[in-house]
Amino acid sequence: MEVNLPATSIRWVQPDAPRPLVPLATTRLTSARRGIESPFIMQIRPAIHADLPGILEIYNDAVLHTTATYDYEPRSLEQRTAWFVERQRDGYPIFVAIDDAGRVVGWSALNPYHARIGYRFTAENSVYVAAEARGRGIGRLLLGPLIEGAKTRGLHAIIAAIDAQNEASIRLHVAFGFEKAGHFREVGFKFGRWLDVVYMERLV
Ligand SMILES: CC(C)(COP(=O)(O)OP(=O)(O)OC[C@H]1O[C@@H](n2cnc3c(N)ncnc32)[C@H](O)[C@@H]1OP(=O)(O)O)[C@@H](O)C(=O)NCCC(=O)NCCS
């Protein structure tokens with residue numbers, strides 16, 4: 001299913017190519033959901049090293065306050081840097097959303113799905129938007145380029161493992177043609193309760 005993104009030109013740049021100086025997408029967003037009336041400018045571009053503290057902060061906030069990830073402990077900048085270096089080395093795309101103040105307000109990435117070689121054409125995705133910026137369409141802006149990036153990387157399938165109660169993430173993935181492929185009951189445990197995980201898949 002194709003999605004009508006805001007009127008922007010979205011262009012994928014080879015992971016090993018020099019970092020573009022211009023954003024992949026610049027768009028003006030408003031938030032009807034939160035009743036925020038003033039529009040703001042959002043840029044989507046490949047992540048660079050300097051974005052890592054912002055990426056880390058968004059992830060760690062989700063670790064502490066949500067079941068979007070089943071990590072319990074915040075990660076360190078060293079761990080996030082090692083992740084970034086590995087993704088760069090292996091050609092997996094990472095994108096960031098930058099607001100008009102230059103802050104990282106969201107990120108998306110592809111990660112290897114499984115170490116066994118026969119799974120090498122499959123990736124698992126991550127999409128995280130800062131708590132105060134959710135519900136404004138930034139998740140949508142971040143997921144589109146990721147799918148394009150998967151095509152460029154020669155991947156065949158993208159899997160999203162989503163907490164079954166994460167309605168926003170499920171809706172986001174449905175909007176990009178992901179289909180429910182499985183529902184695992186009580187495979188996660190966080191905040192004192194068992195959690196179901198929905199697997200969604202999109203063939204590239
Ligand atoms: C999931 C997440 C990435 C979505 O990003 P977002 O910028 O908030 O979402 P968008 O504004 O682009 O909206 C995407 C879809 O989610 C829906 N949505 C957004 N917030 C929602 C909410 N609180 N409840 C229900 N649906 C919601 C939107 O309506 C839209 O669906 P539609 O196209 O059917 O209308 C974001 O909420 C987030 O970072 N959550 C915490 C981390 C997380 O859950 N990551 C995903 C792990 S699998």
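The values are calculated or read from the model by the stated rules, or taken from the named source; none is laboratory data. Remember, predicted model here, so these are calculated numbers, not experimental data. Here the Cβ is made from the backbone with ideal geometry for all residues, glycine too, and neighbour counts use every protein chain on show.
Quick one: which residue in 66, 8 is over 23 Å from residue 148 (Cα atoms) and either β-branched (Val, Ile, Thr) or at pLDDT 60 or above (or both)?
Within the list 66, 8, the selection yields 66.
So for segment 126-143 (the condition being touching a Pro at 6+ places or on another chain (Cβ under 8 Å) and either touching a residue at least 12 places away in the same chain (Cβ under 8 Å) or over 21 Å from residue 63 (Cβ atoms) (or both)), does at least one residue qualify?
Yes: segment 126-143 contains one or more residues that are touching a Pro at 6+ places or on another chain (Cβ under 8 Å) and either touching a residue at least 12 places away in the same chain (Cβ under 8 Å) or over 21 Å from residue 63 (Cβ atoms) (or both).
Return the total of residues in segment 152-180 being more than 14 Å from the ligand (Cβ to nearest atom) and either among the hydrophobic types (A, V, I, L, M, F, W, C) or without any contact (Cβ under 8 Å) to a residue 60 or more places away in the chain (or both).
Of the residues in segment 152-180, 5 are more than 14 Å from the ligand (Cβ to nearest atom) and either among the hydrophobic types (A, V, I, L, M, F, W, C) or without any contact (Cβ under 8 Å) to a residue 60 or more places away in the chain (or both).
Restricting attention to segment 100-119, which residues are modelled with pLDDT of 95 or more, assigned to a loop (DSSP other than H, G, I, E, B) and either within 14 Å of the ligand (Cβ to nearest atom) or in contact with a strand residue (DSSP E or B) (Cβ under 6 Å, 6 or more places away or on another chain) (or both)?
113
Restricting to segment 38-94, name every residue that is more than 17 Å from the chain's Cα centre (by Cα), outside any helix (DSSP H, G or I) and touching a residue at least 60 places away in the same chain (Cβ under 8 Å).
40, 72
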